[in-house]
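Can you read through this structure? Questions will come right after.
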Amino acid sequence: MRIFLYLMIFSGGAVPLFFFALYFSNTGFYPVHIFNSLFGNPLTSGFTLDIFLSIFVFLVWTFVEFKNDLKKWLILLLASCCVGLSLSLPIYLLFKLNAKEGV
């Protein structure tokens, strides 16, 4: 399971960052343009809000869970905000696995 989680951490970070890099290399970093791209039509708005709400729930849940270990929560916050759940969720699961196995 640990190898799987490491693979998911790598791919969950690399794949979105690749597409973010493509987007920003083509359009530049303009917040208004990013907002318009994220909410350009009902379909993208639905996907965007689904991800935002999922990240919000995930961060609240993990904050409560890691309130005594804010370092872990800050790692999850950074991963969620910079990349997304594709990175932060496998990191969270690795934290849980490590705690379960006493690593």
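Quick grid of which residues meet (1) assigned to a helix (DSSP H, G or I); (2) among the β-branched types (Val, Ile, Thr); (3) surrounded by fewer than 17 Cβ atoms within 10 Å (Cβ to Cβ):
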residue	(1), (2), (3)
62	yes, yes, no
71	yes, no, yes
94	yes, no, no
97	yes, no, yes
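On to the next question. Given (1) loosely packed, with under 14 Cβ neighbours inside 10 Å; (2) closer than 22 Å to residue 12 by Cβ; (3) modelled with pLDDT of 95 or more, identify the lone condition not met by residue 45.
Among (1) loosely packed, with under 14 Cβ neighbours inside 10 Å; (2) closer than 22 Å to residue 12 by Cβ; (3) modelled with pLDDT of 95 or more, residue 45 violates only (2).
Then there is this: Give me the pairs: first residue in the range 32-52 and in a helix (DSSP H, G or I), second residue not polar (S, T, N, Q), beta-carbon distance under 6 Å, and six or more apart or on different chains, which are they?
45/39; 48/38
Could you list, in sequence order, the residues of the range 15-42 that are surrounded by 13 or more Cβ atoms within 10 Å (Cβ to Cβ) and closer than 21 Å to residue 77 by Cα?
Selection gives 15, 16, 17, 20, 34, 38.
Restricting the first residue to the range 53-67 and requiring it to be over 13 Å from residue 85 (Cα atoms), which pairs with a second residue that is assigned to a helix (DSSP H, G or I) and at pLDDT 95 or above meet a Cβ separation below 7 Å and a spacing of at least six or different chains?
63/73; 66/72; 66/73
The values are calculated or read from the model by the stated rules, or taken from the named source; none is laboratory data. Predicted model only: the values in this text are computed from it and were never measured. With ideal geometry, Cβ positions are generated from the backbone for all residues, glycine too; neighbour counts draw on all protein chains shown.
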